[in-house]
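Working notes, beginning with the structure itself.
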Amino acid sequence: MSELQSYKPIVGISMGDYNGIGPEVILKALESNQLSRQCTPVIYGSLRVLNKYRQMLNMKEWNLQAIQKVEQANPKSTNVITCWNDQQTELEPGKITPAAGKAAFAALKRATDDLKAGRINALVTAPINKDTMQSEDFKFPGHTEYLAQAFGVKEALMFMVAGDFRVGVLTGHIPLDQVRAQLTPEKLTAKISQILHSLRSDFGIVKPRLAVLGLNPHAGENGLLGTEEQDIISPVLLKFREKGELVIGPFPADGFFAASTYRHYDAVLAMYHDQGLIPFKTIAFNSGVNFTAGLSAVRTSPDHGTAYDIAGKNSAEPGSMLEAIYLACDVARYRLDTAEIVKNALVSTPQASESQAPGKAQRPNRNS
Amino acid sequence: MKNPRPLLGISAGDPAGIGPEVTVKALALPEIYEICRPLIVCDAFIIEQMTAILSVDLKINRVKHPQEGIYRHGTLDVLEMNFIQPASFAFNVVSAMCGAASFAYVKKVIELASANLIDGTVTGPIHKEALHLAGYPYAGHTEIYGSLTNTRDYTMMLAEKDFRVVHVSTHVSLREAIERTKKERILSVISLADHALKTMGIDKPRIAVAGLNPHAGENGLFGDEEILEIIPAIDAARQMGILADGPHPPDTIFPKLKGGLYDCVVCMYHDQGHIPTKLLGFTYNALLDKWENLSGVNITLGLPIIRVSVDHGVAFDKGGKGEAQPESMIEAIQQCARFALNNSNAHAAETKD
């Protein structure tokens, strides 16, 4: 077995809002330490809360391991770090409470600190309530923006992944009427570069194919329904193609997904949140994962919210959480792999003499 | 009056595309004649040529007036139009001639329906550029119908079996779509949808209204159109006794519609409704390189006449090849017949069978 296959990442999982379905899907995904061959899981949250859910879910045979800090994590069990004083914490599944928001932030903060310090190899975040999370320390529309700041990145990329179907969005959690102002050649160029880089280093795709959607209906229909395609998107795509990158578009968003054109690409870049998320959730319901590209560390999350309406009813499906943990492990491995390849490369760039003499390069083929 | 079959005018669409083909294929089915009396509005030459290409044994009955139709399976009743010169006709080509023809067919069915000579209209696909070349600067069928029937408040419903969406705006830039997200318009689209669903036979339609912004604005955190325009429209609709609710996050409402929790979703802009509906209605079989199950339809609500359309375009790579799938045309005819039958204004309905 190679070093790569045996590599077992330490995956931190932040518990999210404890009155939502976060704790339930985490416990269902990790039940009986079933992922202990893939990774060493460390839950950031509260042992008291998780034990209450464990009883509610009838998982009495399986015990969680309480640890004080991540260095104590046991690779054979499911580790829990309690991130706030939980003596008085009472569960109210389905209720929106300020206490749950504060607790969710405490868990996220502790997990982010460990991720930044390299003490965990990847972070999986369970859903939070964006309203109750807001405080002096957390003034962000979501996890992605918080982590971007924590890692000193101007902008991270929200990348939705379901198997080989990957959707990135140019703009995320902003009002729709601000999307046009953010659609600039600079930002589009930066996002495309970010996606291409992520496809190469996080997913191991050597020659990525990227499709870009138009902003307007029918991709503007030659200027009839909007001019952003002609003025901004097409020129940027052309520049990438001139550099030899397979960046194609702009495609009309409705026909693009209907005709399954997305299957011919490694990723799709949508211009706004719902243009990417509507088709993604329609195609990949319950198996989608949100991956944050552009950070120096690995972070994924399930693509569902707190789902207060079904919290505490033992009816939440852990599919998306499981996929999020698997993807976190995969990307952590790919990154190690890419780093190894770069480190061990004998020749990193083609020699001038070779590229000028194509006949020479063909010789090994003829002989074989 | 036994089983009255409504009389439907079918404009065949751009002759160079797949419209005439899917029309002939649909009318080759005996069951179509059990639910309606179809009248094709097209150059007879085009239809004749199509029966030859498809080698179907259907007679052509050229008529000058809807009353002259036979409306029995085995005969295609064609209301004669003369726009195509056979010598200069070619499939899969954008031309002013075909643009003028396709506009004339649409105009004819609208006139017939407005004069109560037919009960409903079904439209085949037209090509916008051809239309513009011919001097008709319309964005599409919906706009032609709005203009020729002097209707201001209409909306487009896409329907794929029980999956239905209506649009607050359609063929406008995203910028303009945001500007058109206004309480009055949203309310009018909700009530148009409610009325249409009742006409389809749904007693108490359940209508979900989507938000405009991501996560429906998350209580004003990113975008306030939900608070300022959409919620007041929903409240007003509920006061009118309509079972409307929302605004729902746009990315999670469609699985609920698909699961049967609602009868229709009110969408704020073109792609919001078109992306999920087309995803479910059209499937491309990459293995066979073929489209399958093209069965979605497009219904214009709010018009004084009934109009249902196929959900696909002219397919200018398939014209004249005999490979086009007629499912959407069949569904459009069935929906139109159902509408016409339930419509209290039905007038030309058959009095004897």
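Can you give me the long-range amide H partners of A:Glu92? Hydrogens built in the peptide plane at 1.01 Å from N, cutoff under 5 Å, separation of 5 or more residues or another chain.
Residues meeting the criterion, in which the H sits 1.01 Å from N, do not exist here.
Rg and Dmax of region A:155-290, using alpha carbons, in Å: what are they?
When restricted to the Cα atoms of region A:155-290, Rg and Dmax are 13.7, 40 Å.
Give the residues of region A:214-241 whose amide nitrogen is closer than 14 Å to a point set 7 Å from the Cα of B:Glu179 in the direction of its Cβ.
Only A:225-227 fall inside the zone, counting backbone N under 14 Å.
With N denoting the number of residues in chain A, provide Rg(C-alpha) divided by 2.2 N^0.38 Å, to two decimal places.
That ratio works out to 1.08.
Please report, in Å, the Rg and the Dmax of region B:207-252, where both are computed over Cα atoms only.
Spelled out, the Cα radius of gyration and Dmax of region B:207-252 are 10.2, 30 Å.
Please work out the average accessible area per residue across chain B, using the 1.4 Å probe convention, and give it in Å².
I get 39 Å² per residue for this part.
For the protein assembly as shown, which whole-number percentage of the solvent-accessible area (1.4 Å probe, protein heavy atoms only) is attributable to carbon and sulfur atoms?
Carbon with sulfur: 50 percent of the solvent-accessible area.
For the protein assembly as shown, report the convex hull volume of the alpha-carbon atoms normalised per residue, in Å³, without decimals.
In the protein assembly as shown, the Cα hull volume divided by residue count equals 202 Å³.
Report, in deg cm²/dmol and to the nearest 500, the calculated mean residue ellipticity at 222 nm for chain B, where each DSSP H run with n ≥ 4 adds -39500 (n - 2.57) and the sum is divided by the residue count.
That comes out to -11000 deg cm²/dmol.
Quick one: among B:Thr121, B:Thr252, B:Thr277, which has the greatest mean-square fluctuation in a GNM of chain B with alpha-carbon springs under 10 angstrom?
B:Thr252
For the ranges B:336-343, A:283-290, B:96-103, what's the packing order if you count other beta-carbon atoms within 10 Å of each residue, average per peptide, and put the highest first?
Listed from highest to lowest mean packing, they are B:96-103, B:336-343, A:283-290.
What does region B:35-143 give for Rg and for Dmax, in Å, if only its C-alpha atoms count?
Cα radius of gyration and Dmax of region B:35-143 are 14.3, 38 Å respectively.
May I ask you to list the residues of region A:234-250 whose amide nitrogen lies under 17 Å from a point 7 Å from Cα along the Cα→beta-carbon direction of A:Glu186?
Counting backbone N atoms under 17 Å from the label point, the list is A:236.
Can you list the equivalent-ellipsoid semi-axes of region B:81-227, largest first and in whole Å, using the square root of 5 times each Cα gyration tensor eigenvalue?
They are 35, 20, 13 Å, listed from largest to smallest.
Which distance in nm do the two modelled labels at A:Arg200 and A:Asn314 give, with both placed 7 Å along the Cα-to-Cβ direction?
Each label point lies 7 Å from its Cα, and together they span 5.1 nm.
Convert each backbone phi in region A:278-286 into a coupling constant with the Karplus relation 6.51 cos²θ - 1.76 cosθ + 1.60 (shift: θ = phi - 60°), then list the ³J(HN,Hα) values in order as whole Hz, x for Gly and Pro.
Each residue's phi maps through the Karplus curve to give 4, x, 4, 6, 5, 7, 10, 5, 6 Hz.
Counting other Cβ atoms within 10 Å, which trypsin sites (Lys or Arg not before Pro) in region A:1-74 have at most 14 and lie in a DSSP loop?
A:Arg37, A:Lys60, A:Lys69
Assuming a viscosity of 0.890 mPa s and a temperature of 25 °C, what translational diffusion coefficient in µm² per second does Stokes-Einstein assign to region A:66-197, Rh being the Kirkwood radius over Cα pairs?
Approximately 141 µm²/s, per Stokes-Einstein.
For region B:153-301, max minus min Cα coordinate along each principal axis, in Å, sorted largest first?
49, 35, 27
Give me the percent of DSSP beta bridges within chain A that run antiparallel, rounded to the nearest 5.
Approximately 30 percent, going by the DSSP bridge assignments.
So which GluC sites (Glu not before Pro) in region A:129-192 pass both tests, a DSSP loop state and at most 10 other Cβ atoms within 10 Å of the Cβ?
A:Glu136
When a/c is below 1.5 the answer is rounded, else prolate if a/b is larger than b/c, else oblate, so apply that to region A:216-347 with a ≥ b ≥ c taken from the square roots of the Cα gyration tensor eigenvalues.
Verdict is oblate for region A:216-347.
Can you list, bin by bin at 10 Å, the percent of alpha carbon pairs in region B:95-149, starting at 0?
All Cα pairs considered, the percentages come to 25, 56, 18, 1.
Enter the accessible area per residue of region A:1-115 (Å², integer; probe 1.4 Å; all protein chains in place).
Ligands and nucleic acids excluded, the result is 45 Å² per residue.
Which residues' amide hydrogens lie under 5 Å from the amide hydrogen of A:Met59, considering only partners 5 or more residues apart or on another chain, with H built in the peptide plane?
Placed amide hydrogens put nothing under 5 Å from A:Met59.
Binned at 20 Å from 0, what are the whole-percent values of the Cα-Cα distance distribution for chain B, short to long?
Bins of 20 Å from zero give 31, 56, 13, 0 percent of pairs.
Within region A:19-105, which GluC sites (Glu not before Pro) sit in a loop by DSSP and count at most 15 neighbouring Cβ atoms inside 10 Å?
Sites meeting the loop and neighbour criteria: A:Glu61, A:Glu90.
The values are calculated or read from the model by the stated rules, or taken from the named source; none is laboratory data. Nothing here was measured: the structure is a model prediction, and the numbers come from that model. Because the Cβ atoms are built from the backbone with ideal geometry, glycine has one as well, and the counts that use them run over all protein chains shown. The protein model used for the area step is the full one, side chains on, heavy atoms only, and it has no ligands, DNA or RNA in it. Shrake-Rupley method; radii C 1.70, N 1.55, O 1.52, S 1.80 Å.
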